[in-house]
Every structure is written in structure tokens, then in C-alpha cells.
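One structure is given below, encoded as C-alpha cells.
Where a number appears in this text, it was derived from the coordinates with a stated rule and is not lab data. Because the structure is predicted, anything quoted here is derived from the model rather than measured. For neighbour counting, all protein chains shown are included, and Cβ atoms are generated from backbone atoms with ideal geometry for every residue, glycine included.
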Amino acid sequence: MAAGPMRQRLSMRSLSGFTLIELIITMVVIAVLTAIAIPNYTAYIQRSNRSEARSALLEGATWMERWRTQTGVYGDTTATPTVAPAAFPFAQVPATGTAKYTIAAPTIAAAGIGYLITATPVGAMAADPCGAFSINETGQRLPAAPAYCWSR
């Protein structure tokens, strides 16, 4: 008993694989998911880098307060109160590897009574809409706007 032509067509069709329409639909779904995922991932990485820079600034401010407690001035010594302490341990974020932010030595106010520490974005972060972050001896955080820059 020989298989009929209908049975041969069904068995050939089941072995032929995916249709062109199925492949196109799959590619469109992948393209849409990619178009959504990549910008979200990029924004996540930027927020992470900003957070690390803010953390380094706050650590730097804490370090400066400890320095003032030990020396009496924010500057290097009482003889040179407007020179940033040579021992200031922060230079870039992250501390090793490719810099996302550079941290300038603190700018010391007249008579060593204040400071300003600034983290400036470099490399891939240079175009970040938040720009540079700064903090001074009173804890004032700059830039103040947009508000999300310091909050997330």
C-alpha cells in the first residue's frame, strides 16, 4: 500500500523548517526588544557612574573634614592654608581602570576655611546631562538642578 500524495506533502512540509514570514516576525520582535533594552541599559550605566561619582565626592568631603580636625585648616598646612592637601586620596572614578569622572584636588578658600571638590565627567560620561558634580564644606551640592542628578 503506497502513501497518498497528501501524506507525502504533509511529511515534506513538516521537514522543511521555518517559513520566511516566521523568520521575519522573529527578527522584528528581536529588533523591538533591542530598541527598548539598549537605551535603558545605557541610562542604567550612566546612573551607576553618577552614583559612584557622588559617593566619591561624599567620601572626599569626609576626608577633608578629618583633615581639618587633625590640622586645623582645610589646606595643606597652616603655613600654606590655601593649597590642597597633597595626601588627598581621590583622583578618578572608578579608582582603577578607565576613568568616568576625574576628581580635582579640592579648591581651598582663603585662609583655609572652606573647600570645593569637583567630579568632572570624562570619556563616555562627558555628554552626561548632569555634567560636573561639586560639594563644598557646608555640604552644599552643585549642580542643584536638575534635581535627579543628586537623587538617583
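Angle of helix 20-71 to the longest C-alpha principal axis of the chain, folded into 0 to 90 degrees and rounded to 10: 10°.
Across all Cα pairs in the chain, the calculated P(r) in 10 Å bins from zero up to the longest distance comes to 10, 28, 20, 11, 7, 7, 7, 5, 3, 2, 0 percent per bin. When each of the peptides 44-54, 19-29 is scored by how many other beta carbons lie within 10 Å of its residues on average, the order from highest to lowest is 44-54, 19-29. Quick one: if the Förster radius is 22 Å, what FRET efficiency do A105 and S51 give, using the C-beta to C-beta distance and rounding to 0.05? After rounding to 0.05, the efficiency reads 0.45.
What is the angle, in °, between the Cα long axis of helix 5-15 and the longest principal axis of the Cα atoms in the chain? Nearest 10 is fine, range 0 to 90. The angle comes out at about 20 degrees. In the elastic network of the chain, a GNM with C-alpha springs shorter than 10 Å, the most mobile of G97, G75, G114 is G97.
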